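Here is the structure we will look at.
The values are calculated or read from the model by the stated rules, or taken from the named source; none is laboratory data. Predicted model, so just to flag it, every value in this text is computed and none were measured. Note: ideal-geometry Cβ built from the backbone for every residue, glycine included; neighbour counts use all protein chains shown. When the accessible area is computed, the model is the full protein with side chains, heavy atoms only, and any ligands, DNA or RNA have been set aside. Shrake-Rupley method; radii C 1.70, N 1.55, O 1.52, S 1.80 Å.
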Amino acid sequence: MVKLYGKNLKRAEAEALSGSLGHAAGVRLMTLEDGLERGNRMLEFRTGSGLRFTVLVDRCMDIAECEHNGRAIGWHSPAGFRHPSLHDYEGEGGLGWMRSFSGLMVTCGLDHILFMHEAETPEYVYGPRQTAKHSLHGRAGTIPARLTGYGEAWDGDTCTLWAEGVVTQGTVFGEHLELHRRIEVEVGSDEIRLTDRVVNRGFYETPHMFCYHINVGHPVVEEGARYLAPIRDVVWAAHEEEYEKQGVGYRQLPAPQMGFHEQVWQHEMGADAEGRVPVALVNDRMGLGFMVTTRKDQFPCMYEWQNLQAGQYAVGIEPSTNHVTGNGGARERGELIRLSHGEECRYDTTFTILPDAAAIAGAEAAISAIATQPDQDYPAPSGNFQPIGGRS
């Protein structure tokens, strides 16, 4: 059944109400035409539940805008949704990625995540390429996709809005990786399903690292908003030496700050009986929240990013294949994934809008049933990085 405007409708009943489903829900392709966004292809999804989000085809098919009943969910940074032709991957000493960093979700990878790193590359058997110099969070997020399809698909009385594309990161005498991305949402639903496969199409054994930088902004993020997660252990904090200096703990957020330095945490998460890890940001005052559900066997690590500087106000939920120690740490610990020709890794993630107090309460109960997060703002980081799979 399709749920529209408080009614459960069969397909024939829904189609009888209008000449096109597009009056209430649908997915359409458009192009942005002004400023630094000019030329970006964008898919707009509307589910009929009040959920609207956009997908930047020319930026890795990442999710840019997201709103529910006119209330924003996704973060907009000063960088905007810059066209990829303007991007300089190695600019600013490897920090050029920041000038293309905006939106609800930015993909990091496909062979590197986290801070800059120079790695030896004997696998590519090429004298002039003895090493690979990786900039912040890798190349994938500013690579245009080949859009392979989008639209509405009926299965009986259920209608699914969908889009698919392929992002290729490749070079001569180097990596040749493909990201196959499918985005789905049912008409009448508040739940976005993301399915990714990263495949090695090349014939060199190739490193693979992967992370989603999922960025939630105002009004979900405001003074008093809460971070909810099945935290079994706080493993690491970037600001541990001056842990309480800024007066911001991991679990409750202040108003926008002046002179704020970003804070990053790594939490060891518990999973439910099906291996799922739900993490949410909730605003009790508004009765609005956003939850990300991943799989522990696909994303064993989770970071929390706090950028509470005025004018850049956001909190990030970051599922990752590797610890926050990065590319070098993964190699040293034998945890770097390496893909041979035709091998792939799959990632199944769900984004859920929590549209009211009841939905927030249900999410909080489900999360608490997995693990009770620390009840202090500044739990001492353990430094206990759990072993994870890989092939270094």
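Find the centroid of the Cα atoms in the stretch 148-186 and in the stretch 236-263, then give the distance between the two in whole Å.
Value for the Cα centre distance between the two parts: 37 Å.
Of Thr47, Ser77, Leu110, which is farthest on the positive side of the dipole of the stretch 1-112, counting Cα position, with +1 on Lys and Arg Cβ, -1 on Asp and Glu Cβ, and the Cα centre as origin?
In the stretch 1-112, that residue is Thr47.
Can you list residues whose amide H is under 5 Å from Arg295's amide H, if they're 5+ apart or on another chain and H is modeled 1.01 Å from N?
The list, which skips near neighbours in sequence, is Val277, Asp348.
In debye, nearest 20: dipole of the stretch 236-392 around its Cα centre with unit charges on the Cβ of K, R (+) and D, E (-)?
340 debye
When Lys and Arg each count +1 and Asp and Glu each count -1, what net charge do the other residues less than 12 Å away from Tyr124, Cβ to Cβ, add up to?
Summing Lys and Arg as +1 and Asp and Glu as -1 gives -4.
Could you tell me how far the Cα centroid of the stretch 199-213 sits from the Cα centroid of the stretch 287-341, in Å?
Value for the Cα centre distance between the two parts: 16 Å.
Given a 1.4 Å probe and the protein chains all in place, what does the accessible area of Asp88 round to, in Å² to the nearest 10?
90 Å²
Whole-Hz Karplus ³J(HN,Hα) for the stretch 100-115, in order, using 6.51 cos²θ - 1.76 cosθ + 1.60 and θ = phi - 60°, x for Gly and Pro?
10, 9, 6, x, 4, 9, 10, 7, 10, x, 9, 10, 7, 9, 6, 6
Among the GluC sites (Glu not before Pro) within the stretch 6-107, which fall in a DSSP loop and have no more than 16 other Cβ atoms within 10 Å of their own Cβ?
Those satisfying the criteria are Glu33, Glu90.
Quick one: Karplus J couplings for the stretch 349-362, per residue in order, coefficients 6.51, -1.76, 1.60, θ = phi - 60°, nearest Hz, x for Gly and Pro?
Coupling constants for the stretch 349-362: 9, 10, 10, 10, 7, 9, x, 7, 5, 5, 5, 4, 4, x Hz.
GluC sites (Glu not before Pro) within the stretch 313-392: which are DSSP loop residues with at most 10 other Cβ atoms inside 10 Å?
Within the stretch 313-392, no GluC sites (Glu not before Pro) qualify (loop, at most 10 other Cβ atoms within 10 Å).
Grab the Cα-Cα distance for Arg346 and Ser368, subtract it from 0.36 nm times how many residues apart they are, and report the gain in nm with one decimal.
So the extension gain works out to 5.2 nm.
Ordering Arg333, Arg181, Arg38 by how much accessible area each has at a 1.4 Å probe, largest first, what is the list?
In descending accessible area the options line up as Arg38, Arg333, Arg181.
For volume of the Cα convex hull per residue in Å³, which listed value, [x] 145; [y] 178; [z] 129, comes from the coordinates shown?
For volume of the Cα convex hull per residue in Å³, the calculated option is [x].
Excluding His341 itself, what net charge comes from residues whose Cβ is under 9 Å from its Cβ, given Lys and Arg +1 and Asp and Glu -1?
Net charge around His341: -1.
For the stretch 254-296, compute Rh as the Kirkwood radius over C-alpha pairs and then the Stokes-Einstein diffusion coefficient at 4 °C and 1.567 mPa s; write the answer in µm²/s, rounded to an integer.
After rounding, the answer is 99 µm²/s.
I'd like to check one number: the per residue accessible area of the chain, probe 1.4 Å, reported in Å² as a whole number.
About 41 Å² of surface per residue is accessible.
For the stretch 135-147, what does the Karplus curve 6.51 cos²θ - 1.76 cosθ + 1.60, with θ = phi - 60°, yield as ³J(HN,Hα) per residue in whole Hz, taken in order and with x for Gly and Pro?
8, 3, 6, x, 9, 4, x, 10, 9, x, 8, 8, 6
What figure in square angstrom, to the nearest 10, would you give for the accessible area of Asp157 with a 1.4 Å probe?
Number for this one is 60 Å².
Suppose the chain between Thr160 and His261 were pulled fully straight at 0.36 nm per residue; how much longer would it get relative to their current alpha carbon spacing?
32.2 nm
As an exercise, find the ratio Rg/Rh for the stretch 277-371 from alpha-carbon atoms, using the Kirkwood inverse-distance average for Rh.
My calculation of the ratio gives 1.06.
Check Leu354: other-chain or 5+ apart residues with amide H under 5 Å from its amide H, H built from backbone geometry?
Gly289, Phe290, Met291
Put one equal scatterer on each alpha carbon of the stretch 113-255, apply the Debye formula with no solvent term, and list log10 I(q)/I(0) at q = 0.09, 0.12, 0.17, 0.19 1/Å to two decimals.
Those come out to -0.50, -0.82, -1.11, -1.18, one per q.
Restricting to Cα atoms and excluding each atom paired with itself, what does the Kirkwood estimate give for the stretch 1-64 in Å?
13.3 Å
Roughly how much of Tyr243 is accessible, in Å² to the nearest 10, using a 1.4 Å probe?
Its accessible surface works out to 30 Å², give or take rounding.
Once fully extended, how much extra length lies between Met286 and Val172, figured as 0.36 nm per residue of separation less the alpha-carbon to alpha-carbon distance?
Once the chain is fully extended between Met286 and Val172, it gains 35.9 nm.
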